[in-house]
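Student: One structure, as structure tokens, below. Some questions next.
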Amino acid sequence: MSRVSVENLNVWFGDGADRVDAVKNATFEVPSGASFGLVGESGSGKSTILRAIMGLVTTWSGRMTVGAFELGKKRPKDFYKDVQMVFQDPYASLHPRHSVDQVLGETLSLHGFRDIDQRIMKLLDDVGLGPSFRFRYPHQLSGGQRQRVAIARALAPEPSVILLDEPTSALDVSVQAEVLNLLADLREEHKLTYIMVSHNLAVVAHMCDTTAVMQNGEIVELMSVADMRAMRPSHPYTKHLLDSSFGYKPDAAQSA
Amino acid sequence: MSETLLDVENLRVTFPTRQGEFQAVRGVSFTLGRERLGIVGESGSGKSMTGRAILRLIRPPGRVEADRMEFRGEDLLAKSERDMQKIRGQKISMVMQDPKFSLNPVMKIGEQIMEIYRFHTGAGRSAARRKAVEMLEAVQIRDPERVMRAYPHEMSGGMGQRIMIAMMLVTEPEILIADEPTSALDVSVQTQVLSIIDRLVRERGMGLIFISHDLNLVASFCDRVLIMYAGRIVEVCDAGKLHEATHPYTRGLLGSLPRIDAPQPRLEVLKRDPAWAQAPSVSGRT
Amino acid sequence: MTDLPPHGQTWRDWLNTDTPTSRSHARAAAAWHGWLRLKSNHMAMLGLYILIGLVAVAAFAPWIAPHDPLAQNLMNRLQPPGSPGHLLGTDSLGRDILSRMIYGSRITLYIVSLVAMIAPIVGLLVGTIAGYAGGWTDAILMRITDIFLAFPRLVLALAFVAALGAGIENAVLAISITAWPPYARIARAETLTIRNSDFIAAIRLQGARPLRIITRHIWPLCISSLIIRVTLDMAGIILTAAGLGFLGLGAQPPSPEWGAMVAEGRRFILDSWWVATMPGLAIFTVSLAFNLLGDGMRDVLDPKEGGTR
């Protein structure tokens, strides 16, 4: 029984001569509790798929199903209780004038929870931030801490699916390790389903069971993590991405 | 090892803040010959500040102090601003991270490259033009004439960075400082840009300082690596021997990276030891 | 959760803390830091002191003014500054200029506060709604804004006053009506930028309605630009009010409005220069003070907080 199912998704921006097809005929399924990766370079359409699922983009065609919801033009209110998103840039995803307490409190009250104080404390605890962070403003937090707050905000409505748009790209390597560990722990603890977008194959290999490789809006390959680790790509573009992930190789550059 | 191009000893960069003085760089020492030196660190380690300090790009109230900071025997700290302008872009050049922010958006690309060349060499327009086209070809731009007439926003990230490199190398400097030159680029474009830097640096016998947060990239590209933490150098090693590094910070950085070929259930989390920030800086001098 | 500094901690430490313990603590700390930033800007502080002086003078006018501002004394007409009992001289009806200026500060303050409240608020509403809604709403609201922008302030004020009659309140209304369009433009521009941010997307993903997004998320970010603009606009507003008074359309005689005083003294500018110059200096000083403060407010309200990597 798949949690998220996407069939023949097309997303475009603009119309007529200015139309740009960001996603072309994307099809994939994510079983319940699994972690699915979308990997590709900039302009490949990977983030656009997430935004289409969340309803942030309205010009799309195809079929998208999340659990019991068949997605149409608008998202029902309950949808956001079940599906949440963590954005890439921790510096842009928190309102500069709202404290952590306000961010979490507002989210909780919008979803109709009553015991807001306790929930805020529990959320901060779940993401590894102590109560001392509760009343800080974003400019008093480091990148990793901000991202933890963004994760706490995504967890607040108790969703079952979380979409992660390059959650660690803007973070230092050591902070990335902490956040990835946190995400893995949370997934196990709350039985979450993840769809994670990244340009970093190593991150995706670490976090995801299956990965879709995207190029220019199309999914060129669906790869299991076993194949990725064994370096068994089927598509030449996947091979190219894999090769580039290992640092600089002078001979590889010659052939590029 | 060939002659020493850059000799830095006990470099300190300080900024006054409301809470007292903040030292971004605390006692960094290294020498640079005709080699590739990598400086690796996370944000706040002081690596970018080190690069900027060498070119005296740090504005007051920030202060740059050092026991010694010499370029080919000339004291960089003693130079006036006018003399530094003759060094910047001509003897020592810098390529930064995002060409979107380092190229002038309202000037044609050709004009920008020519301007730099003419400023430093006093050449005429046609000579500068020829040189600019030559440089664009050297960075593997297929249609240099079209690019000369284009504006920066019409270029992709990778092309923009190659144009940046062309601009910075047109005066044939001795040292290139590259501050995260490929961090804003896609992975496949990175390889191309790096190979261009590789070739040009080798052909011209330049010294290269490659600043990055990507340890593996630097290790695969450079000859020697300095690892910085909290404004100090905590370890120096030859690039090939990075995996034999001994300092716990370096080992921690290496261990916290996820690896495609080596699955780990949990990534190693770096435990920052305050002693690292207190210990004296390791010298990167040869 | 304690609000006051716990035992053993000074106020300064409490305000400088990195780990606030409650909402009000966090706000107090943020305000404190804003104050420190303002304090370090000496020109802005000068502006602030002048304005505090203005408010004090207006508040304590009855006790400060040496004479009744309306008391005429035709034997004492056009006395120069420094005459006994009249520090700044007298005007053409023998009234003490200093006392008139002191009472006039009340009128200036009245005009300035009213306009400062009406114009930015109207502009904020129009601009943020237009910016967030987009489409037809945006187009219509912006065309309305353009229409109001097209009128020269004084001409519209004249028309208004002609329709409603002269007087301070109508002058204020007339000035506000021409003053709000720039604020709408500013608010709209900010809204357009903010609208695409991740944090707005994030709150939409929590099911927030546009009203909540506009009031709780967009307004707090627009307000700083508007406040800065208001302080810089103050100078213009005072001058417009003075202009209206000059034309006889604002405060009516014998009201000691500064602009009206300048108008009245115009006739004697060559012989009794002080009648027009003194109130003119007052207008100049208050305008300058607002400008200096406005510049300082910009640093306080839009500091480089964290910023981008």
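Student: With buried (at least 19 other Cβ atoms within 10 Å of the Cβ) and within 27 Å of A:Gly144 (Cα to Cα) as the only criterion, which of B:Gly20, B:Gly51 stands out?
Tutor: B:Gly51
Student: Still on this structure: Is there a residue being away from chain A (no Cβ under 14 Å), under 16 Å from the mean Cα position of the chain (by Cα) and in a helix (DSSP H, G or I) anywhere in segment C:188-201?
Tutor: Looking for residues that are away from chain A (no Cβ under 14 Å), under 16 Å from the mean Cα position of the chain (by Cα) and in a helix (DSSP H, G or I), one finds none in segment C:188-201, hence no.
Student: List the residue pairs whose Cβ atoms are under 7 Å apart, where the first residue sits in segment A:192-204 and is farther than 15 Å from A:Ala177 by Cβ, the second is hydrophobic (A, V, I, L, M, F, W, C) and part of a helix (DSSP H, G or I), and the two are 6 or more positions apart or on different chains.
Tutor: Within 7 Å, the pairs are A:Leu192/A:Leu186; A:Ile195/A:Leu50; A:Met196/A:Val204; A:Met196/A:Met207; A:Val197/A:Leu50; A:His199/B:Val187; A:Leu201/A:Leu241; A:Leu201/A:Leu242.
Student: So, one more: Determine whether B:Ser195 is closer than 19 Å to B:Pro99 by Cβ and within 14 Å of the chain's Cα centre (by Cα). Steps first, please.
Tutor: On the way: closer than 19 Å to B:Pro99 by Cβ: yes; within 14 Å of the chain's Cα centre (by Cα): no.
Considered against the rule, which asks whether it is closer than 19 Å to B:Pro99 by Cβ and within 14 Å of the chain's Cα centre (by Cα), B:Ser195 comes out as no.
Student: Just to be sure, is A:Gln102 within 11 Å of chain C (Cβ to nearest Cβ), among the polar types (S, T, N, Q) and outside any helix (DSSP H, G or I)?
Tutor: Values: within 11 Å of chain C (Cβ to nearest Cβ): yes; among the polar types (S, T, N, Q): yes; outside any helix (DSSP H, G or I): no.
It is false that A:Gln102 is within 11 Å of chain C (Cβ to nearest Cβ), among the polar types (S, T, N, Q) and outside any helix (DSSP H, G or I).
Student: Cβ-Cβ below 9 Å, separation at least six or inter-chain, first residue in segment C:102-126 and closer than 13 Å to C:Ile177 by Cβ, second of a type in the set (Asp, Glu) and buried (at least 18 other Cβ atoms within 10 Å of the Cβ): which pairs?
Tutor: If the second residue must be of a type in the set (Asp, Glu) and buried (at least 18 other Cβ atoms within 10 Å of the Cβ), the pairs left are C:Val115/C:Asp233; C:Ala119/C:Asp233.
Student: Now for a separate question. All but one of (1) without any contact (Cβ under 8 Å) to a residue 24 or more places away in the chain; (2) within 14 Å of another protein chain (Cβ to nearest Cβ); (3) crowded, with 20+ Cβ neighbours inside 10 Å hold for B:His243, so report the exception by its number.
Tutor: Condition (3) is where B:His243 drops out.
Student: Quick one: A:Arg232 ticks every box in (1) more than 8 Å from chain B (Cβ to nearest Cβ); (2) in contact with a strand residue (DSSP E or B) (Cβ under 7 Å, 6 or more places away or on another chain) bar one, so which box is it?
Tutor: (2)
Student: Here's something else I'd like to know. Go through the residues of segment B:85-102 one by one and say whether even a single one is among the charged types (D, E, K, R), over 30 Å from B:Glu9 (Cα atoms) and assigned to a loop (DSSP other than H, G, I, E, B).
Tutor: no
Student: As an exercise: evaluate A:Pro138 against (1) surrounded by 19 or more Cβ atoms within 10 Å (Cβ to Cβ); (2) under 17 Å from C:Arg204 (Cβ atoms); (3) within 9 Å of another protein chain (Cβ to nearest Cβ); (4) touching a residue at least 40 places away in the same chain (Cβ under 8 Å) and give the number of the one condition it does not meet.
Tutor: (2)
Student: Looking only at segment B:2-40, which residues are outside any strand (DSSP E or B) and among the β-branched types (Val, Ile, Thr)?
Tutor: Correct list: B:Thr4 only.
Student: Surrounded by 20 or more Cβ atoms within 10 Å (Cβ to Cβ), of a type in the set (Lys, Arg) and at pLDDT 85 or above - does that describe any residue in segment C:186-203?
Tutor: Yes, there is a match, as at least one residue in segment C:186-203 is surrounded by 20 or more Cβ atoms within 10 Å (Cβ to Cβ), of a type in the set (Lys, Arg) and at pLDDT 85 or above.
Student: Anything in segment C:113-163 that is touching a helix residue (DSSP H, G or I) at 6+ places or on another chain (Cβ under 7 Å) and over 23 Å from C:Pro220 (Cα atoms)? List them, or say none.
Tutor: Once the filter is applied, which keeps residues that are touching a helix residue (DSSP H, G or I) at 6+ places or on another chain (Cβ under 7 Å) and over 23 Å from C:Pro220 (Cα atoms), segment C:113-163 yields C:Phe148, C:Leu149, C:Phe151, C:Arg153, C:Leu154, C:Leu156, C:Ala157, C:Phe160, C:Val161.
Student: Got a sec? Which of A:Val149, A:Val197 is away from chain B (no Cβ under 13 Å), within 30 Å of B:Asp214 (Cα to Cα) and in a helix (DSSP H, G or I)? It would help to see each step written out before you state the result.
Tutor: Details: A:Val197 fails: in a helix (DSSP H, G or I).
Exactly one residue qualifies, and that residue is A:Val149.
Student: Another question, then. Counting residues that are surrounded by fewer than 20 Cβ atoms within 10 Å (Cβ to Cβ) and modelled with pLDDT of 90 or more, which strands (runs of 3 or more DSSP E) fully inside segment A:1-79 reach at least 3?
Tutor: Answer list for segment A:1-79: A:2-13, A:20-31, A:60-66.
Student: Looking only at segment B:142-170, count every residue that is buried (at least 17 other Cβ atoms within 10 Å of the Cβ) and part of a helix (DSSP H, G or I) and tell me the total.
Tutor: Residues flagged as buried (at least 17 other Cβ atoms within 10 Å of the Cβ) and part of a helix (DSSP H, G or I) within segment B:142-170 amount to 17.
Student: If I filter segment C:153-166 for residues that are within 21 Å of the chain's Cα centre (by Cα), modelled with pLDDT under 90, surrounded by fewer than 18 Cβ atoms within 10 Å (Cβ to Cβ) and over 21 Å from C:Pro279 (Cα atoms), do I get at least one hit?
Tutor: Yes, some residue in segment C:153-166 is within 21 Å of the chain's Cα centre (by Cα), modelled with pLDDT under 90, surrounded by fewer than 18 Cβ atoms within 10 Å (Cβ to Cβ) and over 21 Å from C:Pro279 (Cα atoms).
Student: Considering each of C:Gly248, C:Gly259, C:Gly265 in turn, give the residue that is surrounded by fewer than 17 Cβ atoms within 10 Å (Cβ to Cβ), away from chain A (no Cβ under 14 Å) and more than 16 Å from the chain's Cα centre (by Cα). If you could, list the steps in order and put the result at the bottom.
Tutor: Numbers: C:Gly259 fails: surrounded by fewer than 17 Cβ atoms within 10 Å (Cβ to Cβ); C:Gly265 fails: surrounded by fewer than 17 Cβ atoms within 10 Å (Cβ to Cβ).
Sole residue among the options that is surrounded by fewer than 17 Cβ atoms within 10 Å (Cβ to Cβ), away from chain A (no Cβ under 14 Å) and more than 16 Å from the chain's Cα centre (by Cα): C:Gly248.
Each row is one residue, and each column tells you yes or no for (1) assigned to a loop (DSSP other than H, G, I, E, B); (2) within 24 Å of C:Ala208 (Cα to Cα).
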{"residue": "A:Leu123", "(1), (2)": "no, yes"}
{"residue": "A:Pro159", "(1), (2)": "yes, yes"}
{"residue": "A:Leu164", "(1), (2)": "no, yes"}
{"residue": "A:Gln176", "(1), (2)": "no, no"}
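Student: Still on this structure, please answer the following. Consider C:Pro81 against the criteria (1) surrounded by fewer than 18 Cβ atoms within 10 Å (Cβ to Cβ); (2) in a helix (DSSP H, G or I): it satisfies all of them except one. Which criterion is unmet?
Tutor: The single condition C:Pro81 does not satisfy is (2).
Student: State whether one or more residues within segment B:227-246 are touching a Leu at 6+ places or on another chain (Cβ under 7 Å), at pLDDT 90 or above and under 24 Å from B:Arg52 (Cβ atoms).
Tutor: Yes - at least one qualifying residue is present in segment B:227-246.
Student: Here is a further query. For A:Ala205, indicate whether it is under 30 Å from A:Gln102 (Cα atoms), within 7 Å of chain B (Cβ to nearest Cβ) and not β-branched (Val, Ile, Thr).
Tutor: Criteria not met by A:Ala205.
Student: A:Thr193 fails exactly one of the following numbered conditions: (1) touching a Gly at 6+ places or on another chain (Cβ under 9 Å); (2) surrounded by fewer than 23 Cβ atoms within 10 Å (Cβ to Cβ); (3) among the polar types (S, T, N, Q). What is the number of that condition?
Tutor: It fails just one condition, (2).
Student: What are the residues in segment B:261-286 that are under 30 Å from A:Val39 (Cβ atoms) and in contact with a Phe, Trp or Tyr (Cβ under 8 Å, 6 or more places away or on another chain), if any?
Tutor: Residue satisfying the conditions is B:Leu270 alone.
Student: In this structure, is A:Ile116 among the β-branched types (Val, Ile, Thr), away from chain B (no Cβ under 14 Å) and surrounded by 20 or more Cβ atoms within 10 Å (Cβ to Cβ)?
Tutor: So A:Ile116 fails the test.
Student: Collect the residues in segment C:111-152 that are over 22 Å from the mean Cα position of the chain (by Cα) and either outside any helix (DSSP H, G or I) or at pLDDT below 85 (or both), keeping them in residue-number order.
Tutor: Residues of segment C:111-152 that are over 22 Å from the mean Cα position of the chain (by Cα), as a first pass: C:129-144, C:146-147, C:150.
C:Gly134 - this is the single residue of segment C:111-152 that is over 22 Å from the mean Cα position of the chain (by Cα) and either outside any helix (DSSP H, G or I) or at pLDDT below 85 (or both).
Student: Does any residue in segment B:261-274 that is within 17 Å of A:Leu171 (Cβ to Cβ) and facing chain A (nearest Cβ under 7 Å) come within less than 8 Å, Cβ to Cβ, of a residue that is modelled with pLDDT of 85 or more and assigned to a loop (DSSP other than H, G, I, E, B) six or more places away or on a different chain, and which pairs are these?
Tutor: From residues that are within 17 Å of A:Leu171 (Cβ to Cβ) and facing chain A (nearest Cβ under 7 Å), the pairs are B:Leu267/B:Leu257; B:Leu267/B:Pro258.
Student: Of everything in segment C:26-63, what is without any contact (Cβ under 8 Å) to a residue 24 or more places away in the chain and either within 14 Å of chain A (Cβ to nearest Cβ) or touching a Lys or Arg at 6+ places or on another chain (Cβ under 7 Å) (or both)? Give them in sequence order.
Tutor: C:Ala26, C:Arg27, C:Ala28, C:Ala29, C:Ala30, C:Ala31, C:Trp32, C:His33
The values are calculated or read from the model by the stated rules, or taken from the named source; none is laboratory data. Since the structure is predicted, the reported quantities are computational estimates derived from the model, not experimental observations. Note that each Cβ is placed from the backbone with ideal geometry, even for glycine, and that neighbours are counted across all protein chains shown.
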